[in-house]
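Structure first, commentary second.
The values are calculated or read from the model by the stated rules, or taken from the named source; none is laboratory data. Computed from a predicted model, the values in this text were never measured in an experiment. When we count neighbours, we look across all protein chains shown, and the Cβ atoms used for this are built from the backbone with ideal geometry, even at glycine. For accessibility, only protein heavy atoms count, side chains too; no ligands or nucleic acids. Shrake-Rupley method; radii C 1.70, N 1.55, O 1.52, S 1.80 Å.
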Amino acid sequence: MIAPDLDTAIAVLRDLIEDAERIVPFTGAGISTESGIPDFRSPGGLWTKNRPIPFEDYVASVEARREAWRRRFNIEATFAGARPTRGHLALASLYKMGKAAAVVTQNIDNLHQASGIAAQDVIELHGNTTYAVCLDCARRYELGPIRETFEASEEPPDCDCGGIIKTATVSFGQAMPDQPMRRAQELAAHCDLFLSVGSSLVVWPAAGIPLMAKRNGARLVIINRDPTELDDVADLVVRNDIGDVLAPFIGH
Ligand SMILES: [Zn+2]
């Protein structure tokens, strides 16, 4: 059903959450927009102005890396200033109650961790932009020191091992990491309630995860401003504001 109004959405969702024992929250850009982080894919979003730099260009070209770091530091204020939204806090409450063992996210903004979910229980399908890693040895680098060096020299950073350093995100053309995808599929296969929050469910293979949950017998809830291709198979579709819908579940 499509919730006819906010009160109905909250009431039906409350029943579904009370009945559930193993909830899998799955989040996309829509959960973070309230924090000021734009949906890069939306019309007018960053990606329509600045075409994303494909992974093969990043590794092949020092100029592409320079441009990538320039862009990254241009939006640093947005990421650094962002705080968890009401949606993040509600999902963190489900986690702390033991109803949700982990959260699966397409977001790269670290806001689930900031909301109180342990890092190992945030399954990031597209990585994380708030730190960097060496593509060869996987050593972790913080962005602050990289920025200082970059702004002084305009030279993209390299690892001590000689490898290329990149934000810990999954770029276009870069292989999706196996392990997060496997964990997400495992959770989807064994949950009884799957909550898709703020994802337009168009980016595959991530969008296949809610479908897998549904096929394994879970209830499926889709909370998203715009219609999605899975609305027809969902048990509850909510198009109201995510923060308004989830606020009553904070701290319960
Ligand atoms: Zn290295």
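Take the Cα of residue 40, go 7 Å toward its beta carbon, and the backbone nitrogen atoms of segment 162-196 under 13 Å from that spot belong to 167-174. Accessible area ranking (1.4 Å probe, heavy atoms, ligands and nucleic acids excluded), largest first, for 166, 96, 214: 96, 214, 166. Taking the helices alone, the chain has a mean residue ellipticity at 222 nm of -10500 deg cm²/dmol, built from -39,500 (n - 2.57) per DSSP H run of at least 4 residues and averaged over all its residues.
Value of Rg to Rh for segment 74-183, rounded to two decimals, is 1.01; Kirkwood radius and Rg both from alpha-carbon coordinates.
Around the amide H of residue 131, modelled in the peptide plane, lie the amide H atoms of 168, all under 5 Å away and 5 or more residues distant in sequence or on another chain.
Please check the chain for the longest run free of GluC sites (Glu not before Pro) that are loop-located per DSSP (anything but H, G, I, E, B) and have at most 14 other Cβ atoms within 10 Å.
Working: sites that count: 21, 154, 229.
Within the chain, the longest run free of exposed GluC sites (Glu not before Pro) spans 22-153.
Beta bridges assigned by DSSP with both partners in the chain are antiparallel in approximately 30 percent of cases.
Put 97, 181, 176 in order of accessible area, highest first, and with a 1.4 Å probe you get 97, 176, 181.
I'd like the FRET efficiency for residue 216 and residue 97, computed as 1/(1 + (r/R0)^6) with the beta carbon distance as r and R0 of 25 Å, rounded to 0.05. Write out the running numbers ahead of the final one.
Working: r = 23 Å, r/R0 = 0.90.
Taking R0 as 25 Å, the efficiency between residue 216 and residue 97 is 0.65.
Each Cα pair under 8 Å and six or more residues apart adds its separation to the average, and for segment 1-109 the resulting relative contact order is 43 percent.
Based on the Cβ-Cβ distance of residue 8 and residue 74, what FRET efficiency does E = 1/(1 + (r/R0)^6) give at R0 = 25 Å, to the nearest 0.05? With a Förster radius of 25 Å, E is 0.05. Put simply, the Cα atoms of the chain extend 57, 31, 31 Å along their principal axes, the longest span coming first. Over the chain, with every protein chain in place, what whole percent of the accessible area is carbon and sulfur at 1.4 Å, could you tell me? Carbon with sulfur: 50 percent of the solvent-accessible area.
Does segment 191-252 come out rounded, prolate or oblate, given a ≥ b ≥ c as the square roots of the eigenvalues of its C-alpha gyration tensor, rounded meaning a/c under 1.5 and, failing that, prolate meaning a/b above b/c? Don't skip to the end; give the middle numbers.
Numbers: a/c = 1.96, a/b = 1.35, b/c = 1.45.
Oblate is the answer for segment 191-252, as a/c is 1.5 or above yet b/c matches or exceeds a/b.
Near the amide H of residue 219, within less than 5 Å, lie the amide hydrogens of 193, 194, all on another chain or at least 5 residues away, with H placed in the peptide plane.
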